[in-house]
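The block underneath contains the structure these notes are about, expressed in structure tokens.
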Amino acid sequence: MCNKPAMIIREESPVYGNKLKISHSRNCDCKPTHINCMTAKEWLKSQLGVWQFTYESRDVRDKKVHPATFPIALAKKIIELFTHEGELVLDPFVGSGTTLVAANDLNRNAVGFDLQQSYIDICEKRLGQIKLFNNTQQIAIQDDACNIHNYIDPETLSLIWTSPPYANLLNRERKNKSRRDRNNEQLGKIEQYSQDPRDLGTMSLEKYTVAMGNIYESLLPLLKPKGHCVINVPDMWWENQRITIHVALIEELRKRGYELRNIIIWDRTNIVNRIGIFGWPSNYITMGVTFEYLLDFWRPSKK
């Protein structure tokens, strides 16, 4: 079995900025009213509001490669839950390309965007390792998420799924005790995505929230009615204050026409190596690294 050719679009590509020729129609035998290909047993497991995942050998876990990756298993769960085989998935901040790998595993078409050449290079490498066993496409594009509407036709997306940059909350030195105790080269490191002024990872929470709102408002017409949009974010502590990214995004996307359907907790306790004693004995702080939010929105049906 040969490797599947990686499909990468950069600025020098002749199709850069043009509409993509990519399928978005389901190719399964499910009834028209079904929202996915799951069995009743699989559906039942997905109704639990707290999820856990484990990493596999194909996952990217090196923070020097990317500061905030997620397991392939998480992406597969979201894609399985909200799409059928053959349908089209979008990751507006594709990073290391995990969504594209998961989509290929599940026989879904997918497109991922990222500003940074280094991340598109990682996508190219990972996609180039995929064995050819289905007819779906997975495409990584080096472009601003603000320009996605130039590539994708209205009402062709069944799912928008991503873990976006967390404003400028990774753009700071790591000084906490757990990193002093661990010999993992993270003490004093700044885990930013880049210093590109267009990068959401350089923005204050206020600017970030508006920028995310602008991007997702432009994506809404591309999503099918009742198509889902899932965003993975944590909350963080900053100068002894809890920064509630998930609250900011819920409020902003509601303003932009999305309807919040569910909030799922990604319980990360099974993959956290060590937990430092933060705040003891005078300031109670819950460990942000032990859980994250999966915010599930959809585009309301037409009236």
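When you look at A103, is it touching a Phe, Trp or Tyr at 6+ places or on another chain (Cβ under 9 Å), modelled with pLDDT of 95 or more and assigned to a helix (DSSP H, G or I), yes or no? No: the conditions fail for A103.
Which pairs have Cβ atoms under 8 Å, sit 6 or more apart or on different chains, and link a residue in region 11-31 that is under 17 Å from G112 (Cα atoms) and in contact (Cβ under 8 Å) with a residue 40 or more places away in the chain to one that is assigned to a loop (DSSP other than H, G, I, E, B) and of a type in the set (A, V, I, L, M)? Matching pairs, first to second residue: K19/I152; L20/I152.
Okay, residues lined up against (1) more than 24 Å from G201 (Cα to Cα); (2) of a type in the set (S, T, Y):
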position: I72; (1), (2): no, no
position: T99; (1), (2): no, yes
position: N109; (1), (2): yes, no
position: D114; (1), (2): no, no
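Has region 51-59 got any residue that is assigned to a loop (DSSP other than H, G, I, E, B), in contact with a Lys or Arg (Cβ under 9 Å, 6 or more places away or on another chain), more than 12 Å from W266 (Cβ to Cβ) and at pLDDT below 95? Yes; the residues of region 51-59 include at least one that is assigned to a loop (DSSP other than H, G, I, E, B), in contact with a Lys or Arg (Cβ under 9 Å, 6 or more places away or on another chain), more than 12 Å from W266 (Cβ to Cβ) and at pLDDT below 95. Filtered by the rule that a residue be surrounded by 11 or more Cβ atoms within 10 Å (Cβ to Cβ) and among the aromatic types (F, W, Y), region 283-292 gives a lone residue, F291. Suppose the filter is on the phi > 0 side of the Ramachandran plot, among the polar types (S, T, N, Q) and at pLDDT 95 or above; does N18 pass it? Judged against the criteria, N18 is not a match. Just to be sure, is S96 closer than 25 Å to M212 by Cβ and either touching a Pro at 6+ places or on another chain (Cβ under 9 Å) or not aromatic (F, W, Y) (or both)? Against the criterion (closer than 25 Å to M212 by Cβ and either touching a Pro at 6+ places or on another chain (Cβ under 9 Å) or not aromatic (F, W, Y) (or both)), S96 qualifies. Taking I245 as the residue in question, decide whether it is surrounded by 15 or more Cβ atoms within 10 Å (Cβ to Cβ), more than 24 Å from N150 (Cα to Cα) and under 16 Å from the mean Cα position of the chain (by Cα). Yes, satisfied. Considering the conditions (1) modelled with pLDDT of 95 or more; (2) more than 30 Å from N150 (Cβ to Cβ), K45 is excluded by exactly one of them, (1). For region 91-117, which positions are out of contact with any strand residue (DSSP E or B) (no Cβ under 7 Å at 6 or more places or on another chain), polar (S, T, N, Q) and over 16 Å from I148 (Cα atoms)? S96, T98, N107 - these are the residues of region 91-117 that are out of contact with any strand residue (DSSP E or B) (no Cβ under 7 Å at 6 or more places or on another chain), polar (S, T, N, Q) and over 16 Å from I148 (Cα atoms).
The residues of region 8-20 that are more than 23 Å from the chain's Cα centre (by Cα) and within 19 Å of L88 (Cβ to Cβ), listed by number, are V15, N18. Applying the condition of being more than 13 Å from P71 (Cα to Cα) and either of a type in the set (S, T, Y) or in contact (Cβ under 8 Å) with a residue 24 or more places away in the chain (or both) to region 267-282 and asking which residue is surrounded by the fewest Cβ atoms within 10 Å (Cβ to Cβ) yields S282. The residue list L74, L127, L90, L44 contains one member that is outside any loop (DSSP other than H, G, I, E, B), among the hydrophobic types (A, V, I, L, M, F, W, C) and surrounded by fewer than 20 Cβ atoms within 10 Å (Cβ to Cβ), which is L44. Screening P67 with (1) modelled with pLDDT under 95; (2) of a type outside the set (F, W, Y); (3) farther than 23 Å from D144 by Cα; (4) touching an Asp or Glu at 6+ places or on another chain (Cβ under 7 Å) gives one miss only, at (3).
Can you work out which of the residues in region 11-41 that are closer than 24 Å to N147 by Cβ and aliphatic (A, V, I, L, M) is surrounded by the fewest Cβ atoms within 10 Å (Cβ to Cβ)?
Step one: filter region 11-41 for residues closer than 24 Å to N147 by Cβ, giving 11-24.
Then keep just the ones that are aliphatic (A, V, I, L, M); that gives 15, 20, 22.
Working: V15: 13, L20: 19, I22: 18.
Across region 11-41, the extreme among qualifying residues is V15.
The values are calculated or read from the model by the stated rules, or taken from the named source; none is laboratory data. Quick caveat, the model's predicted, so the values are computed rather than measured. Note that we place each Cβ from the backbone using ideal geometry, even for glycine, and neighbour counts take in every protein chain shown.
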